[in-house]
Amino acid sequence: MALFVGEFDQVIDAKHRLAIPSPLREPLDPKQDGTEFYLVLGPDRHLWLYPDQYYRRMLEPLHRTALPSRRAQRMDLLFALARVVKADSQGRVVLPEKSMQRAVIAEAVTLVGKGDHIELWPTADWEKYVEQALPSYGQDVLDAGDGLSGPEGSDK
């Protein structure tokens, strides 16, 4: 599975094209991750990009049954609002108009590596979030380290 890290400032052009920088494309293994992305509206209304094969595997447990269920009804939007987008030879994807209308988006965006996916944040919102989170960053890292198992994560 690809590991997405870093932050990359980009601009969405008039044709809704967004360049995905090579450091976010290079970790993709075509056999394991696929060559396309699923564009998903996240719960925070930011657009998220998942490698297509990884996203398919992640959603396998949600397969529907022939009979309707409340759980399936709640998941309808997850499927309906997702789109497959394919990067062109220059690493650009076209963001669908409806996806942009439903998301918190701006012309200037920051692509943020979030481990298994990439999030698109309006750059101003991302910078504000980082500024608010930085004061507790050191403690957050230490708390995360406390949760690791093994000799490196334990107090000897």
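The values are calculated or read from the model by the stated rules, or taken from the named source; none is laboratory data. This is a predicted model, so every value here is computed, not measured. Positions of Cβ are generated from backbone atoms using ideal geometry, with glycine treated the same way; all protein chains shown enter the neighbour counts.
Some values worked out for this structure:
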quantity	calculated
Subset of the stretch 1-55 [more than 17 Å from VAL104 (Cβ to Cβ), among the charged types (D, E, K, R) and in a loop (DSSP other than H, G, I, E, B)]	ASP13, LYS15, GLU26, ASP29, LYS31, ASP33
Residue that is surrounded by 14 or more Cβ atoms within 10 Å (Cβ to Cβ) and over 14 Å from the mean Cα position of the chain (by Cα), where the choices are ILE12, ILE20	ILE12
Residues within the stretch 9-45 that are under 22 Å from SER99 (Cα atoms), touching a Gly at 6+ places or on another chain (Cβ under 8 Å) and of a type in the set (A, V, I, L, M, F, W, C), tallied	3
Long-range neighbours under 8 Å by Cβ, at least six apart or interchain, first residue without any contact (Cβ under 8 Å) to a residue 40 or more places away in the chain within the stretch 112-128, second crowded, with 17+ Cβ neighbours inside 10 Å and assigned to a strand (DSSP E or B)	PRO122/VAL109; PRO122/THR110; GLU127/THR110
Qualifying residues in the stretch 78-134 (those that are assigned to a loop (DSSP other than H, G, I, E, B) and among the polar types (S, T, N, Q)) - the one surrounded by the most Cβ atoms within 10 Å (Cβ to Cβ)	GLN90
Residue count, the stretch 33-72 (criterion: more than 18 Å from GLU119 (Cβ to Cβ), at pLDDT 85 or above and of a type in the set (Ser, Thr, Tyr))	1
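To keep it simple, each residue is scored yes or no on (1) within 28 Å of LYS128 (Cβ to Cβ); (2) aromatic (Phe, Trp, Tyr); (3) surrounded by fewer than 16 Cβ atoms within 10 Å (Cβ to Cβ).
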site	(1), (2), (3)
MET1	no, no, yes
GLY34	no, no, no
HIS46	yes, no, no
GLN53	no, no, no
